[in-house]
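The values are calculated or read from the model by the stated rules, or taken from the named source; none is laboratory data. As the structure is a computational prediction, the values presented were derived from the model and not from experiment. Cβ coordinates were reconstructed from backbone atoms using ideal geometry, including for glycine residues, and neighbour counts include every protein chain displayed. Areas reflect the complete protein model, heavy atoms only, side chains present, ligands, DNA and RNA absent. Shrake-Rupley method; radii C 1.70, N 1.55, O 1.52, S 1.80 Å.
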Amino acid sequence: MTTVYLVRHGLTAQTGRLLYGRTPGIDLDHRGRAQAEELVRRFDGVRVTAVYSSPLERCVQTVVPLAAARRLELRTDDGLLEMDAGAWTGRTLRQLRRAKAWETVQRSPSAFAFPGGGEAFPQAQARAVATIERIARRHRRGAVVIATHGDIVRIAIAHFVATPLDAFQRIVIDTVGVSVLELGGPRPHVLLVNDTGGLGRFRTGVTPPWETLPGRSDPKMRG
């Protein structure tokens, strides 16, 4: 089994204001840099064997301090990129909320592709899930931190908990929220969603509460 820690990037000056999609050069602001430093403390005592990130600066900068603290190479993977927002890239969320297609994004995202050659939500979900599963297979029995984007985390979690894509907007992921998956068994397990505090339950030597449930210690019963 592989433990995967999905981390949304930290705050930027544009977070919650612009749909910046894959725009390069969007750095963490002073709040996001503080969140990245705090992430190191949150992972104190937690086993980490690899660190991956979307190539975009705001994600890389979120896990640079953690990778440095653990003396691990920070690897980027294009499969973790934000969705391609096409012609909507760079528009304010206030503008987009007035667009007719906004209702489709909110209620039926499975039927939506960003205009101007942008990505469709089913395509993005398939990409994100395939990338996360590929990384998990590469690090069997490892503990991998993956920094990516809010919607990528949400649509991936929707897949792993077998929630319809059209319901993924119900999942809330804060900046530097950590969600934890266990992959590689008969079925995936979602252990935690959107943690913004400590990760003490995952520290080495601590028996997490789900491991004490009947059947969890028996590999035949896992899943």
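Odds and ends about this structure:
- For segment 92-182, projected area of the alpha-carbon convex hull averaged over all directions, nm²: 6.6 nm²
- Two tests apply to each whole DSSP H helix in the chain, Cα reach of 24 Å or more along its axis and mean Kyte-Doolittle hydropathy of at least -1.0, and the ones passing both are 121-138.
- Rg/Rh ratio calculated on Cα atoms of segment 1-98 (Kirkwood radius): 1.01
- Taking the square roots of five times each eigenvalue of the Cα gyration tensor of the chain, the equivalent ellipsoid has semi-axes of 29, 21, 15 Å, listed largest first.
- Per-residue ellipticity at 222 nm from helix content only, as computed over the chain with -39500 (n - 2.57) for each DSSP H run of at least four residues, stands at -9000 deg cm²/dmol.
- For the chain, a simple Cβ point-charge model (Lys and Arg +1, Asp and Glu -1, everything else neutral) yields a dipole of about 280 debye relative to the Cα centre.
- Distance from the C-alpha centroid of segment 25-87 to that of segment 114-152: 15 Å, rounded to the whole angstrom.
- Per residue solvent-accessible surface (Å²) - segment 52-148, probe of 1.4 Å: 49 Å²
- Taken about its Cα centre, segment 109-181 carries a charge dipole of roughly 460 debye when the Cβ of each Lys and Arg holds +1 and the Cβ of each Asp and Glu holds -1.
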